[in-house]
Amino acid sequence: MRPLTEEDVRSSFVNASPDELRLVTLPADFMLTDWDHLDFLAWRDPRTRGRGYLVAEIEGEPAGIVMRGAEGSSYARAALCNLCHTMQPADQVVMYTARKAGDAGAHGDSVGTYICADLSCHENVRLAAPLAPNEVRASVDLKIDGTRRRTEAFVGRVLETAGVRR
C-alpha cells in the first residue's frame, strides 16, 4: 500500500458523514505505520465502541469505509473471518456492517461481512503456523493476496451503487 497521510486517510472515506469524519480517531501508532508491508489499513476506534475503519486501495486510490461491529455474542464455537479466512473462536469474529456510499447509503442500504473482531486480518495471514488444528495451511503469499482481494471486494460493494469512482 502506498504511504498515506492523515489527510489522505480522512479524505478517503466514502460512506461517512461530515460529523462521522470529525469523530475519526486514527490508530495511536499511525505515524509508525510500515506502509511497505501493508495491504490495507484497518483499525478499531478506541473512543467509540463497535466502530471500525478500513482503508484499501481501489483502482490505485485509497477508499475508506466506516464500519459498525455487531454487539452480542455467538453460540458457535468457532467462526471464519470472511476477509482473511482464518478460523477464530466465535467471540473473535464479528459481523461488521458498512453503510453504502451515495444515495443508497442515505436511504439506509448497507453491506456486511464477518471479520476478525480486532481487525487483525493483515497480521493473521502472516502467522507462521495455522491458528486452528483443522485449518489447512496454504502458501502465505496466496493467503495475503486472497485477503487483499476480498478486502477490496468488500470495499467495492460499499461503492458499487453509488457510482463512486476514485
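The values are calculated or read from the model by the stated rules, or taken from the named source; none is laboratory data. If you're wondering where the values come from, they're calculated on a predicted model, not measured in any experiment. Methodologically, a virtual Cβ is constructed for each residue, glycine included, from the backbone with ideal geometry; neighbour enumeration extends over all protein chains shown.
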Worksheet item: Filtering region 23-37 down to residues that are within 14 Å of I65 (Cα to Cα) and free of Cβ contacts under 8 Å to residues at least 24 places away in the same chain, which residue is surrounded by the fewest Cβ atoms within 10 Å (Cβ to Cβ)?
Response: T25
Item to complete: Could you tell me which of the residues R99, R77 is in contact with a helix residue (DSSP H, G or I) (Cβ under 7 Å, 6 or more places away or on another chain) and either within 17 Å of N124 (Cβ to Cβ) or crowded, with 21+ Cβ neighbours inside 10 Å (or both)?
Response: R99
Worksheet item: What residue, of A56, A16, A63, A70, is within 22 Å of D109 (Cβ to Cβ), at pLDDT below 95 and crowded, with 16+ Cβ neighbours inside 10 Å?
Response: A16
Worksheet item: Restricted to region 38-77, and to residues that are touching a residue at least 60 places away in the same chain (Cβ under 8 Å) and among the charged types (D, E, K, R), which residue is nearest to S17 (Cα to Cα)?
Response: R44
Fill in: Any pair with Cβ under 6 angstrom, 6 or more apart, that starts in region 145-166 at a residue that is on the phi < 0 side of the Ramachandran plot and of a type outside the set (V, I, T) and ends at one that is surrounded by fewer than 17 Cβ atoms within 10 Å (Cβ to Cβ) and modelled with pLDDT of 85 or more
R166/E61
